[in-house]
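Below you'll find the structure, written out as structure tokens, and then a few comments.
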Amino acid sequence: MNAKITRLKRYILIYGISRAICKALGRMKLPYVRSLKIRRGRSVGLIGCGNFAFSTISFFVSKNQGKVFGSCFDINSENASFFARFYGYKQAASLDELLKDDLTKIVYIASNHATHAEYAMRVMENKKSAYIEKPITVTYDELVQLTKAKSKYSGTLYAGYNRPFSRALQIIKSRLDTTAIHPFTVNFTVCGHKIEEGHWYRDAKEGSRILANLAHWIDLSVHLFQQRSKMPSVIHIAIAYSNPNTPSDNISFVFTTDLHDLIVFTFTSRSEPLEGVNETILLQSGDITAKIDDFRELQLWDLNTYKKYKFRPKDAGHESAVLQPFRTTPSRNWKEVELSALLILFIEKMVSNKSSNASFDIRQEVETFENATKAERSQ
Ligand SMILES: NC(=O)c1ccc[n+]([C@@H]2O[C@H](COP(=O)([O-])OP(=O)(O)OC[C@H]3O[C@@H](n4cnc5c(N)ncnc54)[C@H](O)[C@@H]3O)[C@@H](O)[C@H]2O)c1
């Protein structure tokens, strides 16, 4: 009990009172509590009514858009009913009811990883847009199929990789000198959740923690590379495993590129972090040095200046990422998301083979992928 109270107090300080309470309520699923917002339209659908959909997706949509909730679906009907009651979703629906609901324009997908791509394709087929939580797909073939669906149907695809939307990243990007090709040195050190055997994340069909967690920082690296006018041609990847039996836990890997970038990732998950996922990011490029402390603080140095930014509540970019479908400003470029998905799947394969060294040839990988999507389209 004491640990729960300590956690709640820390969450209130980090996330603010309403989101901290929301995170706690989402875990308790009390039958009688409901949110107090007024109803306005029914354009938002949801597949997968779990913790993330409760304390992040529905929380931020409701906070910014009011009650725009149509149908929600979960294979666990109690979870869906809880969402309908708490957030005022019009109905805890079957998948077909949700897909046929004409008022629904955007469907958030926050179910288990292995279902994301298939649900996204069904959403697109039904003339709606899809917001896909990470990972976008768990296999290469699914990425090919999803790309084919994207070119065939008119709906928009959004990706739930949130860190590029954080204020810390926005500030850093505004300070990068993109007129020259300065190499990046970046160090990501991440304390992830301790995930027990038997948790659905551990099911082989859901992919490893590369897809489930490290995808965030791999994606962020691709986003940083895209800030320059030239992409590297090749990313050399070296992986160090601490335990070959659980290869994607307690792992380090390094990217070096032909543009002389050096990106280091360390992911540790030996005990449960009291305050949730905790990360530090050190970045150097040109004259800029930046240090992000868990998206609660950013320190930024260049040759002559120093500035410290505090983010209260913590801002890892979740709110802005979730609100992409409602913004008039451009969302993440989907080609960039596709490239990051290809790199993530490449590293996933390295880890499943327990391989330590490989090179990701960007041009060749993109060309092969484009040929595969063309071949698919012409079939
Ligand atoms: N962006 C982030 O920072 C972040 C953080 C946490 C989780 N997530 C992602 O959110 C998603 C959900 O994670 P979570 O932590 O909420 O897990 P969770 O276990 O709390 O929720 C998953 C929900 O999906 C439902 N579900 C399972 N199989 C389903 C199926 N076939 N069809 C429909 N619903 C199904 C479950 O019943 C459950 O309600 C995952 O993709 C996860 O990676 C993202």
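Below is a table of values for the structure above.
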quantity	calculated
Mean Cβ count within 10 Å, highest first, over the residues of peptides 65-77, 4-16	65-77, 4-16
Karplus (6.51, -1.76, 1.60) ³J(HN,Hα), θ = phi - 60°, over the stretch 160-176, in Hz, Gly and Pro reported as x	x, 6, 8, 4, x, 8, 5, 5, 4, 5, 4, 5, 4, 4, 5, 9, 5
Across Lys150/Lys354; Lys148/Lys205; Lys150/Lys307, pairs whose alpha-carbon gap is larger than 31 Å	Lys150/Lys354; Lys150/Lys307
³J(HN,Hα), Karplus 6.51/-1.76/1.60, whole Hz, each residue of the stretch 351-359, x for Gly, Pro	5, 5, 8, 6, 7, 9, 9, 6, 10
Cα extents of the stretch 233-379 along the three principal axes, largest first (Å)	53, 45, 34
Global size of the chain as Cα Rg and Dmax, reported in angstrom	20.6, 61
Dipole of the chain, positive direction: furthest Cα of Phe360, Met121, Gly45, with charges on the beta-carbon	Gly45
Estimated [θ] at 222 nm from DSSP helical runs (n ≥ 4, -39500 (n - 2.57)) normalised by residues in the chain, nearest 500	-11000 deg cm²/dmol
Of Trp301, Leu323, Pro313, farthest towards positive along the dipole that unit charges on Lys, Arg, Asp, Glu beta carbons give the stretch 296-337	Pro313
17 Å Cα-Cα reach of Lys4 towards aspartates and glutamates, excluding residues that sit fewer than 8 places from it in its own chain	Glu272, Glu275
Reach of Lys310 by Cα under 13 Å, taken over aspartates and glutamates that are not fewer than 8 positions away in the same chain	Asp293, Asp294, Glu297
Within the chain: Cβ-based charge dipole about Cα centre, in debye rounded to nearest 20 (Lys, Arg +1; Asp, Glu -1)	1800 debye
Ranked by how many other beta carbons lie within 10 Å on average, peptides 320-329, 362-371 from highest	320-329, 362-371
Contact order normalised by residue count of the chain, Cα under 8 Å, 6+ apart, percent	17 percent
The stretch 297-379: Cα Rg divided by the 2.2 N^0.38 Å rule of thumb	1.63
Given charges at Cβ of Lys, Arg, Asp, Glu: the chain dipole, positive-most of Gly16, Ile132, Ala149	Gly16
Size of charge dipole - the stretch 197-276 - debye, nearest 20, with Cβ of Lys, Arg +1 and Asp, Glu -1, no other charges	220 debye
Ordering of 330-337, 256-263, 172-179, 57-64 by packing [mean C-beta count within 10 Å, highest first]	57-64, 256-263, 330-337, 172-179
Cross-link partners of Lys90 among lysines (Cα-Cα below 27 Å; sequence separation of 8 or more within a chain)	Lys23, Lys29, Lys37, Lys63, Lys67, Lys100, Lys105, Lys127, Lys128, Lys134
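Read the figures in this text as sums done on the coordinates, not as results from a lab. Just so you know, these numbers come straight off a predicted model, no measurement behind them. Cβ sites come from the backbone with ideal geometry, for glycine too, and all protein chains shown count toward neighbours.
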